[in-house]
Structures are given as C-alpha cells and as structure tokens.
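Undergrad: This is the structure I have questions about; it appears just below.
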Amino acid sequence: MSTTATLSASPRELELAEMLRTFNSVTERMKRSHERLGLEVRRLRVELAEKNRELARRERLAALGRMAAGVAHEIRNPLAGIRLYASMLQQDLADRPAEFDTVGKIERAIAGLDRLVGDILLFAGHASACLSDVHVAELFDDVVELAAPRRLEFGARMVVDAPSRELTLRCDRNQVTRALLNLVLNALDAGGDGGSVCVGVVHGDRRLSITVDDSGPGVPAELVDQIFNPFFTTKDSGTGLGLAIVHRVAEAHGGAVRVGAAPNGGARFVLEFPDPGPRLLTGDLMCQGTGA
C-alpha cells in the first residue's frame with residue numbers, strides 16, 4: 001500500500017469530520033447565545049427589581065402625601081385666622097415698640113409655618129400647576145436673586161452658564177423655580193463658607209437638563225437612594241422636604257432628578273425635563289459664565 005493511500009481519509013471519515021466541525025460550531029453558537037440570554041435575563045431581573053422598588057416607593061409616597069396634605073389643610077385654615085389677628089394686634093400696638101416687635105416675631109413665625117404648609121402641599125401634589133413656555137434664562141435670573149442672601153451669608157461664588165434667551169421650557173414657572181432654588185440652596189449649604197456653585201443647562205436626546213454642581217464633599221453612596229425621600233435630612237435643621245420637592249416637581253413634569261459626582265469634585269444634581277422639540281437652542285454642559 002502506498003504512503004498516499006495510508007494518509008488519505010475515506011469519504012466516511014471526511015463526512016464524520018465535517019459533521020464534527022458543524023456540531024462544534026453549532027455548540028459554540030448555542031453557548032454564546034446562552035450566555036447572552038443569561039446576561040439579558042439578569043439585566044431584566046435587575047430592571048424589574050428596580051421598577052418594583054420604584055412602584056413601592058411611589059405607593060408609600062402617595063399614602064404619605066395624602067396624610068401630609070390632610071394635616072397641612074387642617075393647619076392652614078386656623079393659621080390664616082391667627083395671621084389676621086396678629087396683624088390686627090400689631091396695628092393696635094403701633095405706639096408700643098416692645099409689644100409691636102413681639103407681634104412681628106409672631107407674624108414671621110406664622111409666615112414660616114405657612115411656607116412649610118406650602119412645601120407639604122407641593123410635595124403631596126396638591127399645589128395647582130400652571131404650564132406655560134418659560135425662558136430658562138429667566139428661571140436662572142429668578143433663582144440667582146432668591147439665593148443671593150444665602151450666597152452672601154456663606155461668601156460663596158455662584159457661576160451661571162447663562163443659556164440663550166430663546167431657550168424655553170414648558171413648565172409651571174413657580175414650581176420649577178422652587179425646585180431649582182432648592183438645589184442651589186442645598187449646593188450652597190454643601191459648599192459652606194467660601195464654597196462655589198455652578199449652574200448650567202444642556203439638551204439632547206429629547207431631554208433638557210439643568211445641572212447644579214457644588215464644591216462640597218459629595219453624596220455618600222449609601223445615601224444616594226435616600227436623599228430624595230421626604231423628611232430625610234443630614235442637617236441639624238430643616239424639614240427634609242427640599243430634595244423631595246425637587247423629585248416631586250420633576251416627576252410632575254414628566255422628568256427626573258438624579259445625583260452624581262461633579263467633574264471637579266463635590267456633587268452634581270441634574271434636573272431633567274422632556275425636550276419639547278426644535279424650538280430649543282443648543283446648550284452647553286460646561287459652566288462658563290459670570291459669577292453672580
């Protein structure tokens with residue numbers, strides 16, 4: 001028998017070899033498909049768990065909101081009467097400075113309670129909304145003015161990346177101003193004395209995002225899932241409703257709020273809204289502007 005005949009394979013052997021290669025190829029493809037399916041199943045399980053947690057959270061917040069709104073309404077009615085009587089008493093005491101000042105303190109305390117009631121109603125979703133096309137630059141102007149006393153108190157620097165005057169957002173101006181102000185005040189508190197706050201805007205992927213960066217220590221990972229819960233606070237004072245109101249306003253506008261790390265340290269809060277379309281002009285994430 002020749003060497004060639006010895007080394008050559010029979011047709012049957014060639015057929016078996018081809019079948020083996022095909023089998024191995026199919027097996028490898030099935031293995032890769034199985035791995036991809038496994039990853040997709042794990043991803044869907046995580047997504048489902050997150051959705052379930054969010055649903056449970058919304059149900060808890062809805063129940064809490066209903067209870068809080070009931071309490072707030074019960075407080076607001078007599079509060080209006082107390083304010084009226086305090087105002088009348090202050091008029092009667094106009095010629096008695098000491099008593100006049102005392103009544104003034106009572107009126108300021110009443111105003112503080114009224115703001116708290118307003119916060120509770122806003123969180124509970126009982127505040128009426130009035131949607132209109134609002135210039136984002138005007139929102140920024142309002143917030144800079146409202147935050148000025150706190151900024152001066154801390155000696156902080158506030159940098160605003162002023163958007164184009166044509167950039168608009170369909171929203172409830174009062175509610176969004178309040179939400180953005182809460183983020184800025186929170187940023188000023190985080191930065192402390194001599195800190196800095198940077199406010200910017202960007203839109204894309206059908207979203208308009210307002211960013212607020214601070215120079216504080218950042219948000220610990222273990223608190224990220226808690227800071228938007230009502231009445232949660234790490235401060236010695238405060239109601240713990242500030243960030244909860246931001247979350248509530250964002251949801252009411254079909255948006256969201258999230259927190260992460262700022263590029264230069266500290267925390268970055270992002271307030272996102274649906275992008276209404278081409279009438280918006282391109283913004284820039286970079287915080288370049290004049291200090292307020």
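Undergrad: Tally up the residues in the range 136-165 that are touching a strand residue (DSSP E or B) at 6+ places or on another chain (Cβ under 8 Å) and part of a loop (DSSP other than H, G, I, E, B), please.
TA: So the count comes out to 5.
Undergrad: Condition first: in a strand (DSSP E or B) and surrounded by fewer than 20 Cβ atoms within 10 Å (Cβ to Cβ). Can you find one or more residues in the range 222-244 that meet it?
TA: No, the range 222-244 has no match at all.
Undergrad: Select from the range 119-142 the residues that are without any contact (Cβ under 8 Å) to a residue 40 or more places away in the chain and closer than 25 Å to Thr239 by Cβ and write down the one among them that is surrounded by the most Cβ atoms within 10 Å (Cβ to Cβ).
TA: Asp142
Undergrad: Answer with yes or no whether Gly260 is in the same structural domain as Val160 (by TED's automatic domain parsing) and within 21 Å of Leu139 (Cα to Cα).
TA: no
Undergrad: If Arg83 passes every condition in (1) surrounded by 10 or more Cβ atoms within 10 Å (Cβ to Cβ); (2) modelled with pLDDT under 80; (3) part of a helix (DSSP H, G or I) but one, which one does it miss?
TA: (2)
Undergrad: Hey, another quick one. For the range 190-213: of the residues being outside any loop (DSSP other than H, G, I, E, B) and in contact with a Lys or Arg (Cβ under 8 Å, 6 or more places away or on another chain), which is nearest to Gly255 (Cα to Cα)?
TA: The extreme case among them is Thr211.
Undergrad: OK, next. Within the range 193-206, can you find the residues that are at pLDDT below 90 and in contact with a Gly (Cβ under 8 Å, 6 or more places away or on another chain)?
TA: Passing the criteria: Val202, His203.
The values are calculated or read from the model by the stated rules, or taken from the named source; none is laboratory data. Since we're looking at a predicted model, the values are computed, not measured. Cβ atoms come from the backbone with ideal geometry, glycine included; neighbour counts cover every protein chain shown.
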